[in-house]
Ligand SMILES: N[C@@H](CCC(=O)N[C@@H](CS)C(=O)NCC(=O)O)C(=O)O
């Protein structure tokens, strides 16, 4: 059994998608970021960076007791290796998946997050910051659109690279972007959105929360 510490954000959806795809037993433990539950001392023992997602695996291979994991890239990689699914074993193909997983973790997620922050949430509107992250966001969308020129999925077969990128690309409308300008991304989003596991994952998310996480009230938790 896996305990999944989740909230309805892009990084949160990555893992619920994996768990649904792999069909492994899990239990969702909501961490309401709007109420500051990420700072609860019990949660901090599992995720010392006070962020979701995090998991506790009660049946890890070769370990004596439960194992706690935070950072969505590390969790995806752990689950892929544990289940031998959604990552190839052959070195070159595997590295192709890891390249794009790390690209998402180091680029797509943080840059889009900063763009939304400065454009939408920051009380002081700083034109340089807004422009900087907007350009980066568009550049990253262009890079992934190009990568999908000749392939159905990001790295060969459907993999954890797709699962990592999908919830972030879905934010395009919040970022004021149109997928019509990125036809390969549009095709890929439509392809993934039709997957039964992805439909189930987003349905489960909606059962947990349908309200915006960032509100006037929650800003004190989220932005210090
Ligand atoms: N690099 C981390 C980022 C996680 C992250 O930013 N989580 C956000 C939600 S998407 C969070 O929990 N924020 C709460 C906070 O900062 O207090 C990962 O990929 O797991």
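The values are calculated or read from the model by the stated rules, or taken from the named source; none is laboratory data. From a predicted model like this one, the values you see are computed outputs, not experimental measurements. Cβ: placed from backbone, ideal geometry, glycine included. Neighbour counts: every protein chain shown.
For segment 26-66, residues that are within 16 Å of the ligand (Cβ to nearest atom) and either on the phi > 0 side of the Ramachandran plot or not assigned by TED's automatic domain parsing to the domain that holds residue 204 (or both) total 2.
What single numbered condition from (1) over 19 Å from residue 204 (Cβ atoms); (2) more than 13 Å from the ligand (Cβ to nearest atom); (3) in contact with a strand residue (DSSP E or B) (Cβ under 6 Å, 6 or more places away or on another chain) fails to hold for residue 69? With (1) over 19 Å from residue 204 (Cβ atoms); (2) more than 13 Å from the ligand (Cβ to nearest atom); (3) in contact with a strand residue (DSSP E or B) (Cβ under 6 Å, 6 or more places away or on another chain) applied to residue 69, the lone miss is (2).
It is to be established whether one or more residues within segment 95-103 are in contact with a helix residue (DSSP H, G or I) (Cβ under 6 Å, 6 or more places away or on another chain), part of a helix (DSSP H, G or I) and within 14 Å of the ligand (Cβ to nearest atom).
The answer is yes, given that some residue of segment 95-103 is in contact with a helix residue (DSSP H, G or I) (Cβ under 6 Å, 6 or more places away or on another chain), part of a helix (DSSP H, G or I) and within 14 Å of the ligand (Cβ to nearest atom).
Only one entry in 76, 108 is under 30 Å from residue 220 (Cβ atoms), touching a residue at least 24 places away in the same chain (Cβ under 8 Å) and buried (at least 18 other Cβ atoms within 10 Å of the Cβ), namely 108. Whether a residue is crowded, with 19+ Cβ neighbours inside 10 Å, free of Cβ contacts under 8 Å to residues at least 60 places away in the same chain and away from the ligand (no atom under 14 Å from the Cβ) was assessed, and residue 118 passes this test.
Kindly state which helices (runs of 4 or more DSSP H) lie completely within segment 182-224 and contain at least 1 residues that are within 16 Å of the ligand (Cβ to nearest atom) and within 18 Å of residue 168 (Cβ to Cβ).
On the way: elements: 183-193, 196-208, 219-222.
Answer list for segment 182-224: 196-208, 219-222.
No other residue among 157, 124 is touching a residue at least 12 places away in the same chain (Cβ under 8 Å), over 18 Å from residue 173 (Cα atoms), away from the ligand (no atom under 16 Å from the Cβ) and not in a helix (DSSP H, G or I) apart from 157.
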